[in-house]
Amino acid sequence: MMKSFLFIIIGFALVVSLSACGTKVADDSNTVEQKDVESADIEVNDSVDKVNKVNKNESAVFFLSIDEETFEIETPLQEEFSAYDILSLYAAKQGVELKTKGYSFGMFIEGIGEKIGDADNFWLFYVNDKLANSSADTTIVQPGDVIKFEFTSNNPF
């Protein structure tokens, strides 16, 4: 009795494992298809990596506007640029002095060249015609963006 019960359990286990193998074969064909898709993704990613390597050798172009005068700022690509980075590049190339003050919220632009802010006048900046809501050193910009610094006495708030 015990032997027949053992044969039934072994037989059942054998049937289950064989049916699982049959399912496994079907799964393998799905896996092959998935591998084909993954392979295609890898090829696309390799192409993107090649393009990115080429782009790393290129430059980034920004447009900096200071009181209605616009400058094209070209610089080697890097991972990230802030609005202040672009302003600093302009200042270095043009020999213009920047006056800044650090606060807990970030860097405040007090002066660009001869225009220094006071209680009634100050520098605001915009990125793509939108008033920035953070400091120039924490506002991340992208190549092609227009960064506009405007000396104003009109409080927009």
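Observations on the structure shown:
- Residue within the range 123-130 that is under 21 Å from Glu58 (Cα atoms) and part of a loop (DSSP other than H, G, I, E, B) present: no
- Applying the criterion of being surrounded by 12 or more Cβ atoms within 10 Å (Cβ to Cβ) and touching a residue at least 24 places away in the same chain (Cβ under 8 Å) to the residues of the range 71-84, the residue that is farthest from Phe105 (Cα to Cα) is Leu77.
- Each residue in the range 99-122 was checked for being small (Gly, Ala, Ser), assigned to a strand (DSSP E or B) and in contact with a strand residue (DSSP E or B) (Cβ under 6 Å, 6 or more places away or on another chain), and 1 of them qualify.
- Matching residues in the range 60-85 - criterion: being modelled with pLDDT of 95 or more and among the β-branched types (Val, Ile, Thr): none
The values are calculated or read from the model by the stated rules, or taken from the named source; none is laboratory data. Note that this is a predicted model, so its numbers are computed, not measured. Here Cβ is always computed from backbone atoms with ideal geometry, including for glycine, and neighbour counts include all displayed protein chains.
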